[in-house]
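Written out below as structure tokens is the structure these notes cover.
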Amino acid sequence: MLRLENLTCGYGETQVVRSLSFNVKEGEVLSFIGPNGAGKTSTLLCLMGLVLCKEGSIFYNEKNITSLPSEQRIKEGISLVPEGRRIFPDLSIFENLMVGGHTLSKDKCLKNISKGYDYFPILKQRKNQLAGSLSGGEQQMLAMARALMVNPRLLLVDEISLGLMPKIVDECYEVLKALKGQGLGIILVEQNTEKAIEMADHIVVLEAGNAIWKGSSEMAEKEDVIQKLLI
Amino acid sequence: MLYLELFIQGIVQGSLYGLMTLGLTLVYGLLRILHVAHAGLFTLGGYIGVLVTNQTGSFGLALITAMVTVGVMGMGVYKFAYEPLLKRPPFVILIASIALFIASEEIFRIIFGPYGLSYENPPLKGQVEIFGGMKIKVGEIIVIGFSLAMLSSLAWLSKYTRTGMAWRATVSDPDIAQAFGVNKNKVRYLNFFMASALTATAGVFVALLNNLVEPTMGSVPSYKGLAIIVLGGLGNIRGTLIASLLLGVVESYGTIYLGKILDRDAIAFGLLIIVLMIRPKGILGEK
Ligand SMILES: Nc1ncnc2c1ncn2[C@@H]1O[C@H](COP(=O)(O)OP(=O)(O)OP(=O)(O)O)[C@@H](O)[C@H]1O
Ligand SMILES: [Mg+2]
């Protein structure tokens, strides 16, 4: 469903990711691993239309979306759970979700909000609370529920486990597994390599903006790639 | 009695400050721009108020015309002066804004003449008596009532409409709001429209209460507006309103009791200095 061809992206004059290519199919998880500053977040933001794509192309269901604005990409079914959660702290949970569904009609929004509450019941209990007053775990759930508002077909997930208790991380991953089961394609950026490999069908290892290894997760385990490459 | 009268005068002045400076805070909150040229839009509002009232005899129509025209002008200022400079360091935009403001004073002078204009037939000039023989001008009551109505409808819009939510989301994280399909440019235009329409009403009312508009009407507001938004805590809407009212009231008492030693503006900046010594980020500023 998603195909990157020689994507080069960056900020201003600098390139932070060079000539990156990969595919993601429906129901597949692609894990993106690499050290700090490798360019993982930048790649996701570029897919979302928030970071400039300098060269190469992005195809989504065979349609070239390389220069579409974010608004159109959302409508095509791509959605982001950003690094650091980045919920809107001065808005209530309900309002955060409404903004998540900004491109939808109001009825559709309300319907999807109640779906989100089914995934994360705690959000329903606190729906009128300001998002900034939630715990880290709750904020992460909100960030996921917000991304799901648009019924995405491709979900971009950036470091959801960062700074969270293991129990909550597991809860978030349960939801991701369920979504994969529903046929969503997922691109997962994760520092926790164990989790990343466990979830993944395919893996791309990124270092300083270059893909230094690509393959299936079985290959990765067999070759013990992660240990070799990252240490 | 004097106490109460001064208090009411202070609230009237504070409401005008509020209408005038809320827009500065809206612009700062969204784009981190110190929008000095806002004071030029304030003066423009005053001129339109007087001219349209004199032409048509309808103050209401004048108020609405001022809001719409100045609102659109404000969007133009964003589009042609600020947007091209957004990638530059902030002081570049500040300088552009100051230049624009100074130019606007000269343009008013050229178009409308140096001596100012007055209402031929000043509207709303009656007085009403409230408790104990105290008198208050109808215009002043309208200022207070209008400000309240304006601010509460804005608060309602931003709280309950989807556009309001999108606007608040963009203020807090523009990129992520955009990632969910909020059109950043629409939010900015809306923001400048609202900000400018508000300051236009302040201009109209100041011109009404003084029965005068002149080219330099915006010069005091240009710097006092900055003092107020710093006092409230930069970018903080509630803080701006509190600071406006506080300043109005303090100036009102101050000119009577300290008037011999300090003039009105000195009192305003004195208050600013004192508050900033106690709360460096302003009344409601974040730490
Ligand atoms: N807004 C920005 N402007 C300029 N350079 C940036 C910006 N954001 C990130 N960079 C640079 O781009 C490079 C890649 O950063 P990116 O955040 O994509 O890495 P990452 O792999 O997600 O790292 P981490 O594991 O720390 O999240 C880094 O060198 C970073 O300094
Ligand atoms: Mg990152």
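Which numbered condition trips up residue A:152, out of (1) modelled with pLDDT under 95; (2) of a type outside the set (Asp, Glu); (3) in a loop (DSSP other than H, G, I, E, B)?
Exception for residue A:152: condition (1).
Of the conditions (1) surrounded by fewer than 17 Cβ atoms within 10 Å (Cβ to Cβ); (2) touching a strand residue (DSSP E or B) at 6+ places or on another chain (Cβ under 9 Å), residue B:213 satisfies every one except a single condition; which number is it?
(1)
So for segment A:121-133 (the condition being in contact (Cβ under 8 Å) with a residue 60 or more places away in the chain and not acidic (Asp, Glu)), does at least one residue qualify?
Checking segment A:121-133: not a single residue is in contact (Cβ under 8 Å) with a residue 60 or more places away in the chain and not acidic (Asp, Glu).
Report yes if some residue within segment A:63-71 is within 14 Å of ligand 1 (Cβ to nearest atom), surrounded by fewer than 23 Cβ atoms within 10 Å (Cβ to Cβ) and under 19 Å from the mean Cα position of the chain (by Cα); otherwise report no.
no
Can you tell me which residue is nearest to the other protein chains (Cβ to nearest Cβ) among those in segment A:124-147 that are of a type in the set (D, E, K, R) and assigned to a loop (DSSP other than H, G, I, E, B)?
A:127
Which condition number in (1) surrounded by fewer than 19 Cβ atoms within 10 Å (Cβ to Cβ); (2) within 28 Å of residue A:126 (Cα to Cα); (3) touching a residue at least 40 places away in the same chain (Cβ under 8 Å) is the one that residue A:170 fails?
Result: residue A:170 passes all but (3).
Looking at the structure I just gave you, is residue A:121 away from chain B (no Cβ under 14 Å) and either buried (at least 18 other Cβ atoms within 10 Å of the Cβ) or not charged (D, E, K, R) (or both)?
Yes; evaluated as a whole, the condition is true for this residue.
Evaluate segment A:133-142: report whether one residue or more is more than 16 Å from ligand 1 (Cβ to nearest atom), hydrophobic (A, V, I, L, M, F, W, C) and over 17 Å from residue A:101 (Cβ atoms). Show your work before the answer.
Step one: filter segment A:133-142 for residues more than 16 Å from ligand 1 (Cβ to nearest atom), giving A:133-139, A:141-142.
Of the ones still in play, those that are also hydrophobic (A, V, I, L, M, F, W, C) are A:134, A:141-142.
In the following step, the residues that additionally are over 17 Å from residue A:101 (Cβ atoms) were identified as A:134.
Taking every residue of segment A:133-142 in turn, at least one turns out to be more than 16 Å from ligand 1 (Cβ to nearest atom), hydrophobic (A, V, I, L, M, F, W, C) and over 17 Å from residue A:101 (Cβ atoms).
Condition check: without any contact (Cβ under 8 Å) to a residue 12 or more places away in the chain and either more than 16 Å from ligand 1 (Cβ to nearest atom) or assigned to a helix (DSSP H, G or I) (or both). Does residue A:110 satisfy that?
Yes, satisfied.
Mind checking which helices (runs of 4 or more DSSP H) fall wholly inside segment B:148-226 and carry at least 2 residues that are away from every other protein chain (no Cβ under 14 Å) and under 22 Å from the mean Cα position of the chain (by Cα)?
Here the list reads B:184-210.
Name the single residue that is nearest to the other protein chains (Cβ to nearest Cβ) among those in segment A:10-21 being more than 9 Å from ligand 1 (Cβ to nearest atom) and crowded, with 18+ Cβ neighbours inside 10 Å.
The qualifying residue nearest to the other protein chains (Cβ to nearest Cβ) is A:20.
Which ranges mark the helices (runs of 4 or more DSSP H) fully within segment B:1-119 that have 1 or more residues being of a type in the set (S, T, N, Q) and within 30 Å of residue B:130 (Cα to Cα)?
B:2-31, B:38-56
Does residue B:283 satisfy being β-branched (Val, Ile, Thr), assigned to a helix (DSSP H, G or I) and touching a residue at least 12 places away in the same chain (Cβ under 8 Å)?
The answer is no for residue B:283.
Which one is modelled with the lowest pLDDT, of the residues in segment A:198-215 that are away from ligand 1 (no atom under 16 Å from the Cβ) and either crowded, with 19+ Cβ neighbours inside 10 Å or more than 21 Å from residue A:3 (Cα to Cα) (or both)?
Only one residue tops the list, namely A:198.
Restricted to segment B:258-269, and to residues that are surrounded by 12 or more Cβ atoms within 10 Å (Cβ to Cβ) and without any contact (Cβ under 8 Å) to a residue 12 or more places away in the chain, which residue is nearest to residue B:237 (Cα to Cα)?
B:266
Please indicate, with yes or no, whether at least one residue in segment A:181-192 is among the β-branched types (Val, Ile, Thr) and either without any contact (Cβ under 8 Å) to a residue 24 or more places away in the chain or over 26 Å from residue B:169 (Cα atoms) (or both).
no
The values are calculated or read from the model by the stated rules, or taken from the named source; none is laboratory data. Here the structure is a predicted model, which means the values were calculated and not measured. Neighbour counts run over all protein chains shown; Cβ positions are idealised from the backbone, glycine included.
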